[in-house]
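The values are calculated or read from the model by the stated rules, or taken from the named source; none is laboratory data. Keep in mind the model is a prediction, meaning the values are calculated, not measured. As a convention, Cβ positions derive from the backbone with ideal geometry for all residues, glycine included, and neighbour counts pool all protein chains shown.
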Amino acid sequence: MEQMNFHRQKLYALIAGIVGVISCFLPWWSLGFFGSINGMHDLGIIAFLGFLGGIACCFLDDKTKPFDGQMKLIAAGCFAGAAIFTLIQFARVSGFVGTGFGLWLSFLAGVAGAVIVYVLKPAQLESKKNNVQP
């Protein structure tokens with residue numbers, strides 16, 4: 001991962017953001033005989049934009065350093081906002097139709113991105129080097 005010049009915190013947040021973007025194109029609702037609907041409708045578009053904002057935060061500032069200061073709050077807010085709008089969309093529509101796996105994947109990616117950025121310490125993501133002495 002050192003060859004990619006990304007800090008692990010930003011790399012994991014980037015992966016969570018990409019999973020979230022992909023989940024917006026997967027089925028969020030199952031309509032039985034009529035097929036399914038993806039997340040690019042109503043509040044799902046705002047969740048999609050939240051994931052794009054989280055991805056953009058990974059490329060801003062120095063990629064080799066972890067999130068800090070205001071950029072940490074912005075990235076965590078983007079991911080948390082995506083998770084919240086996914087949850088609101090679930091509450092609005094779930095009583096009428098069945099939920100699809102894209103909705104759950106979007107929610108999990110938003111929560112995971114917020115946890116990676118805001119809750120986990122950068123030292124927890126560092127690799128443990130073996131201290132073998134010759």
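Computed quantities for the displayed model
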item	result
The range 101-130, subset loosely packed, with under 13 Cβ neighbours inside 10 Å and closer than 15 Å to Lys72 by Cβ, residue modelled with the lowest pLDDT	Gln124
Any hit, the range 109-125, residues being under 17 Å from Leu11 (Cα atoms), out of contact with any Leu (no Cβ under 9 Å at 6 or more places or on another chain) and not in a helix (DSSP H, G or I)	yes
Selection status of Gln70, of a type outside the set (A, V, I, L, M), at pLDDT below 95, closer than 26 Å to His7 by Cβ and part of a helix (DSSP H, G or I)	yes
Residues being among the polar types (S, T, N, Q) and over 16 Å from Gln9 (Cβ atoms) - total across the range 58-90	2
Residues that are touching a Gly at 6+ places or on another chain (Cβ under 9 Å) and surrounded by fewer than 18 Cβ atoms within 10 Å (Cβ to Cβ), drawn from the range 78-96	Leu87
Identity of the residue in the range 1-29, surrounded by fewer than 16 Cβ atoms within 10 Å (Cβ to Cβ) and of a type in the set (S, T, N, Q), that ends up modelled with the highest pLDDT	Asn5
Scan of the range 96-107 for residues that are part of a helix (DSSP H, G or I) and either closer than 12 Å to Ser30 by Cβ or free of Cβ contacts under 8 Å to residues at least 24 places away in the same chain (or both), ordered by number	Phe101, Gly102, Leu103, Trp104
Flag if Ile55 is under 14 Å from Gly20 (Cα atoms) and either under 13 Å from the mean Cα position of the chain (by Cα) or of a type in the set (A, V, I, L, M, F, W, C) (or both)	yes
Matching residues, the range 37-48, being out of contact with any helix residue (DSSP H, G or I) (no Cβ under 8 Å at 6 or more places or on another chain) and either buried (at least 16 other Cβ atoms within 10 Å of the Cβ) or at positive phi (or both)	Ile37
Verdict on Phe51 being in a helix (DSSP H, G or I), more than 23 Å from Gln124 (Cα to Cα), free of Cβ contacts under 8 Å to residues at least 40 places away in the same chain and of a type in the set (A, V, I, L, M, F, W, C)	no
